[in-house]
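See structure below.
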Amino acid sequence: MRAEIGNRIASAARQRYKRMMGLILIGLSLHLPVSQAEGLVLKSVDFSILPGDNLQLLLGLSGPAREPRIFHTENPARIALDLPGVTNGLDQKLVPINVGGAQSVQAVESSGRTRVVINLTNMMPYTSRLDGDNILITLQSGTAPIAAASAASTKSQFMDRPLGGSDRRIENIDFRRGEKGEGRLLVTLSDPKSLVDIHEEGQKVIVRFADTGLPPQLERRLDVMDFATPVRSVDATTEGAHARMVVATVSDDYDYSSYQTDNVLTVEFRPLTKMEKEEIKKKNFSYSGEKLTLNFQDIPVRSVLQILADFTNLNIVASDTVQGNVTLRLNDVPWDQALELVLKSKGLGKRQEGNIIRVAPLEEINKQEKEELEAQKVVEDLEPLRTEIIQINYTTAEDIKKVLVGTTERISQSMSQPAGIGGASASTAVSTLDVSQSVLSGRGNVTVDPRTNQLIVKDTPRNLERVRDLVRQLDKPIRQVLIESRIVIARNDFLRDLGSRLQVNRLVKGRGADSFSDAGSGSSGVIFQQPAAGGEKSTNADVLVDLAAQGAATAATGGASALGFTLIKAGDYLLDLELSAAQREGRSETVSNPRLITSDQTKAVIKQGVEIPYQTTVVAGGGASANITFKQAVLELNVTPHITPDDQVLMELLIKKDEQGQQTPVGPAIDKREIETTAQVANGETVVLGGVYEGLNRNNTDKVPFFGDLPGIGYMFRRNNVEDTKRELLVFITPKVLKQDLALR
C-alpha cells in the first residue's frame, strides 16, 4: 500500500515538472524574438558612386532595419540618423569618405541608441529608404546646391511621399533669447524634410525655404533689437514659390549655426568676443585636406609623394628630375599643406588636372607651359575665322563694343572758348584705343548694327566662346531705384505790441456838437465826440508822451487798434489818453517732394523753378556792352545711386531749394537752401540728411524814465514789444529698390 501511494506521488511530481518545463520553454520561445529585435547591431558602413556623381551610403545592420529618425543642420552641414535599440559594432568611430560633398561618417552609441552623423562640405539634397537589413542614404551631390535647386528637383528629393508647393508651409515664426545672450530664430515647418538653404551676405543671414509657402499673417518684420542679442530684425517675405527670411545683425561679431528637431528649425546667433573672433580667423585658412602626421629623417622626396598619394587616393606623377631627400616632422597637418611644404623646400611645383597631380621642378613646369602657350598661339594664328551675330538686349551694342575692343574715354578741356557763366572752359570727350585691354584676338574685329542693336563679331571659334561668355555677363538688366526726397520749411511767427499816447487838446468854439479828435497823431483810432455848449470843437495840442504801438502796424495787419478817453478837463483844455495794441501770429509749412527713378550707377537730375535775368556790362575794345545773364532759383534733386549687395543704397546727393529773395539795387537776391552729401540708406528706410533751426526771441520796452516804473499809472508812459520767431529746415531722403519684374513692366 505504501509503495502504491509512493508511486502515485512520484507520478504526480513528474507531471508537475513536465508542465513547468513546458511553460518555461514556451516563455523562452516567446521572449526570444523580442530580444533578437532589440539586439540589432550596426555592422558596416559602405558607399558607392552612382551615375550623375551622386553618392549612396549603405548602413548594414544585423537584422531587419527600421525607419530611422533623420534630421540635418546647415552650419555645420551634417545629416544625423538616430537608430533606437541599435548598438554600434563598427571597428572605428570615424569612417573617411572624401568623395563628392561627403567628408566622413561618424557613429556614436549612447543611451540605448546609435547616432550616425554624415559630415558634408555643404548641405545637399538627400533621400533615405529601407532595403532589408540595410538603410540606404542617397546624396545628390551632382545636382545644384539647395539655393539654386528648381522646384521640380525639390519635389523629387524625398521618396516617402510626394510633395508640392502647396503642401509645405511655414506654420509659425518665433524669436527667443538664450541664457548667454544668443538669439534663436525658431521656424515651425509643416514638413520636417523641407529643404532649407542658409548663407551669409555681409551682416545679414539669408534663410531660404525651397518650395514652401508663407501665410500672409507671417509675412512681416520682427524688430528684436530690445532682446539684446546679435540680431537686429527678421524680415519674412515670399519669393515666388519659396519663402525667404533676412536676418539683419547688429554687427559682424557673431557666429551662427542651425539645427532641426522634428519640424522645428532653429537658427542660433551667438555673440563673439575679440579672442573668439581671432581663433575663428586662425581656423579659416586655405588648406582643407585631411590631417596627417609625418616624422621622417632623410627620406627621399619621391617616397613622401608616394605616401601622400596612398593617403589621399590621388594620382601623383613625379618627373624624372624630382630627386633629393627631405626631413619631416609634421603633427596633425592637412595633407595639402604638407605637400606644399615639401615642394617649396625642394623648389618643385605642381599642376593638378582632375585627380592627377603632376610634380616637377618649377623651371621645367614653366618651360612646358610656355611651349604649350606658344603652340596654342601658332594654332590660333592659323585657325580659320568665323563670324557670329550677338543680340544685345539690355544695353547698347556700342557700349559692349567699347569693352570688347578696349576703348576708353578721357576728358580734354579747351581754354580758348568760354562756356557758360564765369568763363568755364568747354570739355570734350576723346576716345582712345587700348589694345592691351581688348578681348578679341589680334585677327578679330567687331562692328555694330545700331538698327537692330546687334554685334557682328569675327574671330576664332575659341575666342568667340569667350566673347559670348563676356557678353552674357555684361548684358543684364540694371536694377533701378526710386529716390524720394522731402524738403520741409516750417515757420512760426509771434509779434505783440502794446503802447500808449498822452496829449493835451484845446477846445475851440464852433458849430454843431463839441468835438475833440486826435487828427494829428497819424494812427488809426477811435474818435470821441460829445455835445459841448456853444458849439465848441477841439483842435490839436501838444503831445506829452508818444509811445503808441508801432511794431505790429504793418500792411498785413492794417495797423494797430487804439482806444482813447479823456482823463481831465480843465477849462478849454483836455488831457487825453490813447491805448494802442497789435498782435500778429503766423504758422506756415512748405513741403517740397521731388522724386525720380534712375538706374544703378546712373546720375539723374530733376529741377523746377525760375531763371532770374541779370544785366551785366562787358568792357572790350575800349567800349562797353550790356549782356543779359541768368541765374537759377530752382528746386533740384541731383543723385547718383549705387545698390550694394545687401540691398542698401549708397547715394551721392545734391539737393537745392532756392527762392527769389528781396530786391536789391542791382537785382533780386536768391535765398539759398542747399545740401550736398553722400549717404548710405537701407532699402525703403527714411533718414534725415540735415536741417537748420533758427530762433529769435526779443522783448523790448520803451518808457519815460521814472514815470514808466510808477505803479498803477506806469503803463501810460511805456511801450512793450514782444517778438518770437522760429524757422526750421529739414531734408528727408527715401530710396526704394524696384523689384525686377516691376522694373521690366
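The values are calculated or read from the model by the stated rules, or taken from the named source; none is laboratory data. Keep in mind that this is a model prediction, so the values were computed, not measured. Here Cβ is always computed from backbone atoms with ideal geometry, including for glycine, and neighbour counts include all displayed protein chains. When the accessible area is computed, the model is the full protein with side chains, heavy atoms only, and any ligands, DNA or RNA have been set aside. Shrake-Rupley method; radii C 1.70, N 1.55, O 1.52, S 1.80 Å.
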**Asked** Of all residues in segment 341-398, which are charged (D, E, K, R), over 47 Å from the mean Cα position of the chain (by Cα) and within 30 Å of Gln454 (Cα to Cα)?
**Response** Asp381, Glu383
**Complete:** Taking segment 465-489 and keeping residues open to solvent by less than 50 Å² (accessible area, probe 1.4 Å) and of a type in the set (D, E, K, R) leaves Asp475, Glu484
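Within segment 624-646, can one find any residue that is under 29 Å from Gly202 (Cα atoms) and hydrophobic (A, V, I, L, M, F, W, C)?
Yes, segment 624-646 contains a residue that is under 29 Å from Gly202 (Cα atoms) and hydrophobic (A, V, I, L, M, F, W, C).
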**Request:** Using the structure shown, decide if Arg176 is in a strand (DSSP E or B), touching a Lys or Arg at 6+ places or on another chain (Cβ under 6 Å) and surrounded by 15 or more Cβ atoms within 10 Å (Cβ to Cβ).
**Result:** no
**Prompt:** Within segment 688-745, which residues are open to solvent by 50 Å² or more (accessible area, probe 1.4 Å) and among the β-branched types (Val, Ile, Thr)?
**Reply:** Val688, Val692, Thr701, Ile713
**Asked** How about segment 307-324: which of its residues are open to solvent by 60 Å² or more (accessible area, probe 1.4 Å) and among the hydroxyl-bearing types (Ser, Thr, Tyr)?
**Response** Thr321
**Request:** Using the structure shown, decide if Val359 is touching a Gly at 6+ places or on another chain (Cβ under 9 Å), among the β-branched types (Val, Ile, Thr) and not in a helix (DSSP H, G or I).
**Result:** yes
**Hits in segment 93-108 - residues which are in contact with a Lys or Arg (Cβ under 8 Å, 6 or more places away or on another chain), surrounded by 15 or more Cβ atoms within 10 Å (Cβ to Cβ) and aliphatic (A, V, I, L, M)** = Ala107
**Request:** Return the residue satisfying two criteria in turn: it lies in segment 109-129 and is within 22 Å of Leu40 (Cβ to Cβ) and open to solvent by 70 Å² or more (accessible area, probe 1.4 Å), and of such residues it is modelled with the lowest pLDDT.
**Result:** Ser111
**Request:** Could you grab the pairs with beta carbons closer than 6 Å, sequence gap of 6+ or different chains, first residue in segment 269-298 and at pLDDT 75 or above, second one basic (Lys, Arg)?
**Result:** Asn295/Arg329
**Residues satisfying the stated conditions in segment 314-373, i.e. within 21 Å of Glu290 (Cα to Cα) and of a type in the set (D, E, K, R)** = Arg329, Asp332, Asp336, Glu340, Lys344, Lys350, Arg351, Glu353, Arg358
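With respect to Pro76, determine if the residue is surrounded by fewer than 16 Cβ atoms within 10 Å (Cβ to Cβ), at pLDDT 85 or above and not in a strand (DSSP E or B).
Working: surrounded by fewer than 16 Cβ atoms within 10 Å (Cβ to Cβ): yes; at pLDDT 85 or above: no; not in a strand (DSSP E or B): yes.
No.
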**Message:** Any residue at all in segment 453-464 that's open to solvent by 40 Å² or more (accessible area, probe 1.4 Å), farther than 25 Å from Ala397 by Cβ, modelled with pLDDT of 85 or more and assigned to a strand (DSSP E or B)?
**Reply:** no
**Item:** Any hit, segment 82-92, residues being at pLDDT below 85 and open to solvent by less than 10 Å² (accessible area, probe 1.4 Å)
**Value:** no
**Meets criteria (open to solvent by less than 50 Å² (accessible area, probe 1.4 Å), modelled with pLDDT of 90 or more and closer than 30 Å to Val250 by Cα) for Val681** = yes
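For segment 367-408, give me each residue that is part of a helix (DSSP H, G or I), of a type in the set (Asp, Glu) and within 20 Å of Asp469 (Cα to Cα).
Glu380, Glu398, Asp399
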**Fill in**
Those residues of segment 603-639 which are polar (S, T, N, Q) and either in contact with a Gly (Cβ under 9 Å, 6 or more places away or on another chain) or open to solvent by less than 30 Å² (accessible area, probe 1.4 Å) (or both) amount to Gln615, Gln632, Asn638
**Message:** Could you list, ordered by first residue, the pairs with Cβ atoms under 7 Å in which the first is in segment 461-478 and within 16 Å of Lys402 (Cα to Cα) and the second is open to solvent by 50 Å² or more (accessible area, probe 1.4 Å), at least 6 apart or interchain?
**Reply:** Leu474/Val403; Asp475/Asn393; Asp475/Tyr394
**Request:** Could you please let me know if Lys656 is of a type in the set (D, E, K, R), open to solvent by 50 Å² or more (accessible area, probe 1.4 Å) and part of a strand (DSSP E or B)?
**Result:** no
**Request:** Hey, could you check segment 179-209 for residues that are closer than 30 Å to Pro68 by Cβ, part of a loop (DSSP other than H, G, I, E, B) and polar (S, T, N, Q) and say which is least open to solvent (accessible area, probe 1.4 Å)?
**Result:** Ser194
**Request:** Could you name every one of the strands (runs of 3 or more DSSP E) located completely within segment 210-306 that has at least 1 residues being touching a His at 6+ places or on another chain (Cβ under 9 Å) and surrounded by fewer than 19 Cβ atoms within 10 Å (Cβ to Cβ)?
**Result:** 254-261
